[in-house]
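S.K.: What follows is a structure written as structure tokens; I'll ask about it next.
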Amino acid sequence: MHAHGHHHDHRATDPVCGMKVAPGGSPSAVFEGTTYWFCDPACASTFREDPTRWADGAPLTHDHDETDATHHG
Ligand SMILES: [Zn+2]
């Protein structure tokens, strides 16, 4: 086994624009117990105006790959 010696940081996805952001040094908003991070205060502001619109689209704990979900049988 040859492991990739690369520590994967916990990157959050800005639900508004889809950018990868580093939690901690970015604007954030808490909605329904989930913390969302944003690349910009503008995105955070947009989110706060209508959280349901964005929170539903790209939750922080999104851990599935963009694989082809083909239907077999
Ligand atoms: Zn953004």
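The values are calculated or read from the model by the stated rules, or taken from the named source; none is laboratory data. Please read these numbers as outputs of a predicted model, since none were measured by experiment. Positions of Cβ are generated from backbone atoms using ideal geometry, with glycine treated the same way; all protein chains shown enter the neighbour counts.
S.K.: So is Thr35 under 10 Å from the mean Cα position of the chain (by Cα) and loosely packed, with under 14 Cβ neighbours inside 10 Å or not?
M.R.: So Thr35 fits the description; yes.
S.K.: Quick check on the range 54-69. Is at least one of its residues within 15 Å of the ligand (Cβ to nearest atom) and modelled with pLDDT of 75 or more? Before the answer, list the steps.
M.R.: So in the range 54-69, the residues within 15 Å of the ligand (Cβ to nearest atom) come out as 54-55, 57-58, 60.
Retained after the next criterion (residues that are modelled with pLDDT of 75 or more): 54-55.
There is at least one residue in the range 54-69 that is within 15 Å of the ligand (Cβ to nearest atom) and modelled with pLDDT of 75 or more.
S.K.: Return only the number of the condition from (1) of a type outside the set (Val, Ile, Thr); (2) within 9 Å of the ligand (Cβ to nearest atom); (3) in contact (Cβ under 8 Å) with a residue 12 or more places away in the chain that Ala42 does not satisfy.
M.R.: (3)
S.K.: Consider Gly18 carefully, then state whether it is away from the ligand (no atom under 14 Å from the Cβ), in a loop (DSSP other than H, G, I, E, B) and out of contact with any helix residue (DSSP H, G or I) (no Cβ under 9 Å at 6 or more places or on another chain).
M.R.: Here the answer is no, as Gly18 does not meet what is asked.
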